[in-house]
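Below: the structure, in structure tokens.
The values are calculated or read from the model by the stated rules, or taken from the named source; none is laboratory data. A quick note: this is a predicted structure, and the numbers were derived from the prediction, not measured. For neighbour counting, all protein chains shown are included, and Cβ atoms are generated from backbone atoms with ideal geometry for every residue, glycine included. For the accessible areas, the whole protein counts, side chains as well, though only heavy atoms, and no ligand, DNA or RNA atoms are used. Shrake-Rupley method; radii C 1.70, N 1.55, O 1.52, S 1.80 Å.
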Amino acid sequence: MSTFTAAQNTLTDEEKKDGWELLFDGKSMEHWRNFKQATISPKWIIKDGAMVKTKGGGDIVSKKKYENFDLKLEWKIAIAGNSGIFILANETVADRQIYSRAPEIQILDNERHPDRKLASHRSGSLYDMISSPATSHKPAGEWNTIRILFNNRHLQVWQNGVVTVDVKIGSDAWKKALDGSKFKTWPGFAESLSGRIGIQEHGDDVSIRNIKIKPLPDCVETEPAADSIKK
């Protein structure tokens, strides 16, 4: 049964007035292209009002770059699936892969995929750095909400209304998490001041919908409490 409703992939008048933009309208993927490519693979399809990556679709990035932003979306992963959402993705020579310098918010079937063995590899985590709480998790096949607020290098993430990440890049807490991760020796990791939003190709089907982003002006001080984030 389709889960698509007319209210999905749209902005309310209030959201439009507040500066939100749609990155997917349920009909086209005009705001996206494959990493280091001019177009998007036909293996990214639209089904039931969602962007769906089928096997071989490849990593994709937003056509626009963002520095400070508020991003909301919904995701659903296939059974035993793995994917991720990147921020600060760039395409320089140093960025050989989408993940070369871009932090990732994990998407995973936490019950079946082998990556579940590490807490920092479960859905909603800042991959290999900060673990998401179990209360933020849902089974594969169900829709999840994600909010990523990136403002003045302060990264905050909510999954299904639960805070999963709250750290400022360059802070002592960030350095500690970085030193304990595989990214410790990766040159330039998370050092870009701006970049593209990315979705990972990991061989598994993933569906994304209701992708909304609000670019934030420079030097905006906003630190909303977790209970202020409503679906």
Cα extents of the range 150-220 per principal axis, largest first, Å, are 35, 34, 25
The set of residues whose placed amide H lies less than 5 Å from the amide H of Asp59, leaving out same-chain residues fewer than 5 positions away, is Phe35, Glu201
Distribution output for the range 30-138: share of Cα-Cα pairs per 10 Å bin in percent, first bin at 0, values 13, 42, 37, 8
Ordering 88-96, 154-162 by per-residue average of other C-beta atoms within 10 angstrom, highest first, gives 154-162, 88-96
Rounded to a whole %, the carbon-and-sulfur portion of the accessible area of the chain at a 1.4 Å probe is 52 percent
In nm, the gap between the two label points placed 7 Å beyond Cα toward Cβ at Asp25 and Asp48 is 2.4 nm
Regression test value, accessible area per residue of the chain, probe 1.4 Å, units Å², expected 48 Å²
Residues meeting the amide H criterion for Arg122 (H placed from the backbone, H to H distance under 5 Å, 5 or more places apart or on another chain) are Ser132
Listed by chain and number, the lysines with an alpha carbon less than 21 angstrom from that of Lys76, same-chain partners under 8 positions apart left out, are Lys27, Lys43, Lys47, Lys53, Lys55, Lys117, Lys138, Lys212, Lys230, Lys231
Once Ile79 and Lys64 are pulled to full extension, the length gained, defined as 0.36 nm per residue separation minus their Cα-Cα distance, is 2.3 nm
Here the range 50-66 yields Karplus 3J(HN,Hα) values (6.51, -1.76, 1.60; θ = phi - 60°; whole Hz; Gly and Pro given as x) of 10, 6, 10, 8, 9, 4, x, x, x, 5, 10, 9, 5, 5, 8, 9, 9
Rounded to 0.05, the calculated FRET efficiency for the beta carbons of Ala38 and Trp186 at R₀ = 25 Å is 0.40
